[in-house]
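First the structure, in the form of structure tokens, and then the observations on it.
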Amino acid sequence: MATTPSKSGSSKEEPVFFLNRFINTASPKLIGFMGLLAGAVGATSFSPFYFWPGYFISLVVFSLLVITSPTAKSACWRGASVALGFFGAGVSWVYVSIAEYGQVGQIIAGLITFAFVAVLCTFWVFAAWASWKLGRRFTFLPTSLWITLSLLLGEFARSTLFTGFPWLLPGYAIENTWLFELLPIGGIWLTSACVLLTSSVMASALLRKTRQSPLMVVVIIAWGGAAFLNYFPTSWVEQTGTLKTTLVQGNVKQDEKWLAQTAGESLAYYQQATIENLDSELVVWPETAITYTYPQVEPYFAAFSEELANTNTTLITGIPDVSPNRKHYYNAIWATGEGFGLYYKRRLVPFGEYIPFEEYIGPILDVFGMPMSSFKAGDNNQPVLQVGEWGVAPFICYEIVYAEQVRRMVRDSDFLITISNDGWFGTSIGPWQHLQIAQFRAKETGRYVIRATNTGITAFIDEKGAVVAQAPQFERTTLTAEAKAFTGNTPYVQWGYWPMLWLLSLCVIFSYLSGLIAHRQRTAH
């Protein structure tokens, strides 16, 4: 028999009753405001704020609103409010590049940014709808698990469709928690699954939902295992050497970068900075540090490349390349001097480097007067660059956010290099989030990440994901440090998604068996 909540507040069901009553009797506007606010708080979990509980607050509120929704439609609207707050605050930096360099004005830039955020929100709306429907249709699994599975599927879809946008994934919120130690085991998707599961179980516990015990056991195992690795660290890789490395940060203004009068001056600075650091075995310039094409520069660089080789120095730089028939342009990394190799960027930025469905969307952008780029993606199977005897896995800007691409290339490499031009995003939080993502790739793979950028944040990241040297933003400078080379593979590099799938399989099996036992006990009585 259900217990009637007492006026004195002595009933243990009263907090649940109050929470349900508040959510279900609050006006839609108040619910929407709560969702927006809770979602915005989630953005503070990421760099440069590092308030890790923020994302858990967002997901707990998301789960509470979905579980208590009377209809699938209301679940969608409630989920959308949290998603709008989260992505609106978390990727607001997109507006900077559109408004300042898109040549469309502030109003149009705001509308385009809102449209981009709305697209990201649709994946969370799908998760809200799917978890509400599945939780009521297939009751052998608790709704908290359906929320975890639906959100994880939504985030995976967001990360893959149309090259994907795997930014601000749940697992990035836990850098300052024990869960960070799970990255070498199962990567960003394992930590994301743990964050989602923990949050949805917390919400169900607040509502005193039944059959949460199996999921709580899995959550405790995950956090307990991470705590063990934190206090008793395991080394999955072995250091094989060091490499004195200099990163050159040109700090070229974005609106001047491609001007003819700027190109020569910038190239002269990069060359002079390199000549002053020929005692380094490796010198790295940022993305498109050279704005001339590779066929134009290669003959001019012949003497300079020979000088680099004579001092056992390798130069790695970003450079555009063009096909012999001049029909296709590539965003490339070139290694010269003591090293060699030419790598073409594989993951292009939608609307930044190529236009999806260009035959339909291109004319619309022409109306707005937006400048368009049209690069061609490189082949999927490209060799790593060589720096003397060392293999270097190269990644251009946005590519470092693709954990699986990094995982596949790291097997043949001794360290990772990522070059970028975050000058597009000014003083916003975008470059800080980008740096944090690179830290996660280092922790996952057990490799140093060498990060050279135009305006910052130029940095060296060790195999544990910690920034060991960093240049100031918006200064023309160089940064020199010893980069360490490693060999060996972490469990994540070997197994990929499997640890995450094993964790979710445990959740499904334990929850199903718990439900089956409870059903048999009810029918027996």
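The values are calculated or read from the model by the stated rules, or taken from the named source; none is laboratory data. Quick caveat, the model's predicted, so the values are computed rather than measured. Neighbour counts run over all protein chains shown; Cβ positions are idealised from the backbone, glycine included. The area values use the complete protein model at the heavy-atom level, side chains included, leaving out ligands, DNA and RNA. Shrake-Rupley method; radii C 1.70, N 1.55, O 1.52, S 1.80 Å.
Measure nothing but the geometry: give the 0 to 90° angle between the long axis through the Cα atoms of 498-524 and the longest principal axis through the Cα atoms of the chain, rounded to 10°.
For 498-524 against the chain, the angle is about 10 degrees.
Relative to the longest principal Cα axis of the chain, at what angle does helix 28-42 sit, 0 to 90 degrees, rounded to 10?
Orientation of helix 28-42: about 40 degrees from the principal axis.
Using the Kirkwood radius over Cα pairs, work out the Stokes-Einstein diffusion coefficient for region 119-259 at 10 °C and 1.306 mPa s, in µm²/s as a whole number.
On the way: Rh = 17.9 Å.
Stokes-Einstein gives a translational diffusion coefficient of 89 µm²/s.
Grab the beta carbon distance between residue 33 and residue 206, set R0 = 25 Å, and tell me the FRET efficiency rounded to 0.05. Please list the in-between numbers first.
On the way: r = 20 Å, r/R0 = 0.79.
For residue 33 and residue 206, the calculated efficiency is 0.80.
Given the DSSP H assignment, sum -39500 (n - 2.57) over each helix run of at least 4 residues in the chain and divide by its residue total; what's the result at 222 nm in deg cm²/dmol, nearest 500? Intermediate values should be presented prior to the final figure.
Working: 17 runs with 262 residues, N = 525.
It lands at -16500 deg cm²/dmol.
Against the longest alpha carbon principal axis of the chain, how many degrees, from 0 to 90 and to the nearest 10, is the axis of helix 358-368 turned?
Compared with the principal axis, the helix lies near 80 degrees.
P(r) of region 177-251 in 10 Å steps, Cα pairs, percent per bin?
All Cα pairs considered, the percentages come to 16, 34, 22, 15, 9, 4.
If you average over every viewing direction, what projected area does the convex hull of the Cα atoms of region 219-298 give, in nm²?
10.2
Over the chain, give the accessible area per residue in Å² for a 1.4 Å probe, as an integer.
That works out to 43 Å² for each residue.
Could you work out the pair-distance distribution P(r) of region 156-212 from its alpha-carbon pairs, with 5 angstrom bin width and percents rounded to whole numbers?
Histogram of Cα-Cα distances, whole percents per bin: 4, 18, 22, 18, 17, 14, 6, 1, 0.
Return one quarter of the surface area of the convex hull spanned by the alpha-carbon atoms of region 467-507, equal to its mean projected area, in nm².
Projected area, direction-averaged: 5.6 nm².
In terms of the ratio Rg/(2.2 N^0.38 Å) built on C-alpha atoms, what value belongs to region 30-81? Show your work: numbers first, answer last.
Numbers: Rg = 11.5 Å, N = 52, 2.2 N^0.38 = 9.9 Å.
With N residues counted in region 30-81, Rg over 2.2 N^0.38 Å equals 1.17.
Leaving out ligands, DNA and RNA, and with a 1.4 Å probe, what % of the accessible surface on the chain is carbon or sulfur?
62
Over all directions, average the projected area of the Cα convex hull of the chain and note it in nm².
With every direction weighted equally, the projected area is 27.3 nm².
Could you list, bin by bin from short to long, the percent of Cα-Cα pairs of region 402-508 in 5 Å steps?
2, 12, 21, 20, 16, 12, 8, 5, 2, 1, 0
Points 7 angstrom from Cα along the Cβ direction at residue 506 and residue 244: gap in nanometres?
It works out to 4.8 nm between the two label points.
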